[in-house]
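Readers should treat all values here as calculations from the given coordinates under stated rules, not as data from a laboratory. None of these values were measured; they are calculated from a predicted model. Don't worry about glycine lacking a Cβ; one is built from the backbone with ideal geometry, like all the others, and counts go over all protein chains shown.
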Amino acid sequence: MANENQNQVLDDTNTVVEEKAKRVRKTKPKTSEGGTTASLFGIEPYQPKKNEEYMSEGQLEHFRKILLAWKEELMSEVDRTLNTMQDENTALPDVNDRATQEEEFAIELRTRDRERKLIRKIEQSIEAIKNDDYGFCETCGIEIGLRRLEARPTATLCIDCKTLAEIKEKQNNGYYVFDESPPTFSVTQGGVTS
């Protein structure tokens with residue numbers, strides 16, 4: 001009798017698993033618009049027209065819109081952080097609560113500092129658009145490419161130069177050096193000198 005009950009439970013379990021598997025197979029895979037910065041702000045990726053010149057007025061305007069939307073988003077985050085820190089800046093009686101609040105503020109400020117640097121890069125990119133320098137590699141002068149700029153609108157290097165820079169940075173122990181050698185150290189009897 002117990003054996004029959006176990007077999008019945010196993011049959012029921014197998015049926016449920018098979019039904020779930022059928023439902024999973026029938027669902028459509030989710031499609032994404034791609035991981036571009038433009039799609040984050042509701043701006044459709046740029047579709048170049050046939051025989052359109054690279055960095056035409058339409059393309060420059062497209063990237064200017066992306067950069068301005070990105071900058072506006074970051075600036076609103078700065079305002080939100082300031083308001084939050086002013087509102088929550090109360091002297092908490094518990095030492096642990098105070099430490100937690102200070103750590104949260106420190107993390108938030110670190111994030112805003114990174115965003116401040118990004119805002120500076122965005123402003124430089126907007127300036128490059130005004131000067132008709134946008135979209136071309138600072139090192140070799142070739143086209144950076146529309147898809148790369150869609151993914152990273154502040155890019156200043158083509159993919160080949162960026163890859164080379166990353167390899168050199170890795171070889172130089174984290175120092176970003178493009179045309180210079182890393183700092184040298186010599187060992188003497190008294191210790192290490194630079």
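A few notes on this one:
- Spin-label pair LYS170/LEU92, simplified geometry with 7 Å Cα→Cβ offset, distance in nm: 4.1 nm
- Under 5 Å from the amide H of PHE136 lie the amide H atoms of ILE144, each residue being 5 or more positions distant or on a separate chain, with H modelled from the backbone and absent for Pro and chain starts.
- Peptides 86-98, 112-124 ordered by packing proxy, namely the average of other Cβ atoms within 10 Å per residue, highest first: 112-124, 86-98.
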